[in-house]
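> I am attaching a structure below and will ask some questions about it afterwards.
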Amino acid sequence: MEVVSLNVGLPVQVDYKGKPLQTGIYKQPVEGALPVGLEGFAGDGQADRVNHGGPDKAVNVYPAEHYRFWEEYLGARLAASAFGENLTVRGLLETEVCIGDVYEIGTALLQVSQPRYPCFKLSQKHGPAEMPAKVLETGYSGFYLRVLREGVIAAGDAIVKRESGAGGYTVARVLYAMEHGKRDRTDVAALAGLDSLSEVVRAKFRSLLEKE
């Protein structure tokens, strides 16, 4: 398991359906190591702080293994950080990585906090309006990490698993619950009480339970 690319960037203004849009999805790869703190990497930023960023979503991760699928789907070569991720990684798939898993990367210690739920900005960047729906269909979502120990990270760093998350809930399984929890309550109650899951997602599941 390793970091393929380290990517950061501040929000930029782009056009979306004829209107200006501020977005932080256009990150660029950087050479060398960068410090990562509780709020994320130095030199990185998010335009929508309600849905992105914060301690539970400090670092955005995307598996390099999915790039080939998306290149075939889009009919185009994808540049680094095609999904706006901070870390393009190899060896960490959504069907295997669990909420609460702890990894040492460089000198930092990080914990898996939630899936990355796709939004319309993927369509703005890549074109197809159905892009978010395709992410949900495939499960190729990526995920977020919270920082347990600040440190520095660089492309090429090994990723070492230090701890397994309680419950064994994979990123893919939680993403499914986020999308289908209204009609399939299989995991909702357990996930509402899973401490290592981000508070915003636990609140979503608690809300579903209250509507029963």
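The values are calculated or read from the model by the stated rules, or taken from the named source; none is laboratory data. Since the model is a prediction, treat every value here as computed from it, not as a measurement. For neighbour counting, all protein chains shown are included, and Cβ atoms are generated from backbone atoms with ideal geometry for every residue, glycine included. These area figures cover heavy atoms from the full protein model, side chains too; ligands, DNA and RNA do not enter into them. Shrake-Rupley method; radii C 1.70, N 1.55, O 1.52, S 1.80 Å.
> Once amide H atoms are built 1.01 Å from N in the peptide plane, which residues 5 or more positions from Val59, or in another chain, come under 5 Å H to H?
Leu145
> With each label point set 7 Å from Cα along the Cα-Cβ vector, what nm distance links Val14 and Leu148?
With each label placed 7 Å out from Cα toward Cβ, I get 3.4 nm.
> In the range 101-157, carbon and sulfur make up what percent of the accessible area (probe 1.4 Å)? List each step's numbers first, then the result.
Details: 1040 of 1970 Å².
So the carbon and sulfur contribution to the accessible surface is 53 percent.
> Then there's this: From the Cα trace of the chain, what convex hull volume per residue do you get, rounded to a whole Å³? Please list the in-between numbers first.
Details: hull volume 24.6 nm³, N = 212.
So the per-residue hull volume is 116 Å³.
> Skip the ligands, DNA and RNA, and give the accessible area per residue of the chain with a 1.4 Å probe, whole Å². Spell out each step's value before the answer.
On the way: 9830 Å² over 212 residues.
Value for the chain: 46 Å² per residue.
> Sticking with the crude label model, points 7 Å out along Cα→Cβ, report the distance from Tyr73 to Ala158 in nm, one decimal please.
Between Tyr73 and Ala158, the label points sit 3.3 nm apart.
> Could you tell me what percent of the accessible area of the range 26-81 is made up of carbon and sulfur, with a 1.4 Å probe and every protein chain present? Don't skip to the end; give the middle numbers.
Values: 1560 of 2880 Å².
Whole-percent figure for carbon plus sulfur exposure: 54.
> Work through the residues other than Leu92 whose Cβ is under 12 Å from its Cβ and net out their charges, Lys, Arg +1 and Asp, Glu -1.
On the way: positive: Arg90, Lys161; negative: Glu2, Glu65, Glu85, Glu94, Glu96, Asp101.
Around Leu92, the charge tally is -4.
> Okay, next question. Calculate how large, on average over all directions, the projected area of the Cα convex hull of the range 92-205 is; give the answer in nm² to one decimal. Before the final figure, lay out the partial values.
On the way: hull surface 31.3 nm².
Average of the hull's projected areas for the range 92-205 equals 7.8 nm².
> Output wanted: per-residue J couplings in Hz (rounded whole) for the range 15-31, from phi through Karplus 6.51 cos²θ - 1.76 cosθ + 1.60, θ = phi - 60°, x for Gly and Pro.
So the Karplus estimates, Gly and Pro as x, are 9, 9, 6, x, 10, x, 9, 8, 8, x, 6, 8, 8, 10, x, 10, 8 Hz.
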